[in-house]
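Taken together, the values in this text are just the output of simple stated rules run on the coordinates, not laboratory data. In this text the structure is predicted, and so the values were computed from the model without any measurement. Cβ coordinates were reconstructed from backbone atoms using ideal geometry, including for glycine residues, and neighbour counts include every protein chain displayed.
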Amino acid sequence: MRTGVDGVAVLRARSEKKLSQHQLARIVDVAGGERVSGWERGVGQPRARIIPGLDVDPLELLFLPNGVDLRALRLAAGRTAPELAQAVHVSVHSYLRWESGQRLPLQDDRMLGNLSGQLGVPVAAVVEALNRSRGSETDDAPTFH
């Protein structure tokens, strides 16, 4: 399974704020409550830019089958893969390979610092997310750093 928005979490967050689906749609600037309904039922996924706009901890809205991986950090930051790739000066293809764990960035402090700054998290969180993206167990396996 892939990291993504958890529809039940969106429903819970909306309900706690006592908002209708249409009200939430207006807040995050999408066309109608039907779209929010689809997210809550798992039929669709909101765009990355919407997640921070829901006014809850973005990580609480995500389904994290492998913990907080690189995709989760990107979604929580409200960034698309192309936006983040451009910001850290790599191709979208290379960035998506990092998210899938197929290829990690060079052990370059500058690259890790760039990712950290763009995602708004400490470098240690990026390193841990990269390790999770590739399926490493952080306790036993050698880690990326």
Between L62 and residues 5 or more places away or on another chain, which pairs have amide H atoms under 5 Å apart, with H built 1.01 Å from N, and which residues are they? D6
With each run of n ≥ 4 DSSP H residues scored as -39500 (n - 2.57), what mean residue ellipticity at 222 nm is computed for the chain after dividing by its residue count and rounding to the nearest 500 deg cm²/dmol? -13500 deg cm²/dmol
Return the sequence-ordered ³J(HN,Hα) values of the range 58-75 in whole Hz as given by the Karplus equation 6.51 cos²θ - 1.76 cosθ + 1.60 applied to θ = phi - 60°, using x for Gly and Pro. x, 5, 5, 8, 9, 7, 10, x, 10, x, 7, 9, 4, 4, 4, 4, 5, 5
Once Lys and Arg get +1 and Asp and Glu get -1 on their Cβ, which of V126, G38, S15 lies farthest toward the positive end of the dipole of the chain? G38
Taking amide H atoms as placed 1.01 Å from N in the peptide plane, list the residues 5 or more away in sequence, or in a different chain, whose amide H sits under 5 Å from that of R103. W98
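Express in nm, to one decimal, how much length is gained between R41 and E60 on full extension, taking 0.36 nm for each residue of separation and deducting their alpha carbon distance.
Working: separation 19, 0.36 × 19 = 6.84 nm, distance 1.67 nm.
Between R41 and E60, full extension yields 5.2 nm more.
Would you mind getting me the FRET efficiency between A125 and S91? Use the beta-carbon distance for r and R0 = 25 Å, nearest 0.05.
Numbers: r = 23 Å, r/R0 = 0.94.
Efficiency for this residue pair is about 0.60.
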So, with points 7 Å from each Cα along the Cβ direction, the D109-R26 label distance in nm works out to 5.1
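Could you work out the relative contact order of the chain? I mean the mean sequence separation of Cα pairs under 8 Å and 6+ apart, divided by the number of residues, in percent. Intermediate values should be presented prior to the final figure.
Values: 202 pairs, mean separation 29.8, N = 145.
Reported as a whole number, the value is 21 percent.
What FRET efficiency would be calculated for the residue pair T80, E16, taking the C-beta separation as r and a Förster radius of 22 Å, to the nearest 0.05? Show your work: numbers first, answer last.
Numbers: r = 27 Å, r/R0 = 1.24.
E(calc), rounded to 0.05, equals 0.20.
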The ratio Rg/Rh over the Cα atoms of the chain, Rh being the Kirkwood inverse mean 1/r radius, stands at 1.01
Loop trypsin sites (Lys or Arg not before Pro), the range 1-53 (other Cβ atoms within 10 Å of the site Cβ: 15 or fewer; DSSP): R2, K17, K18, R47
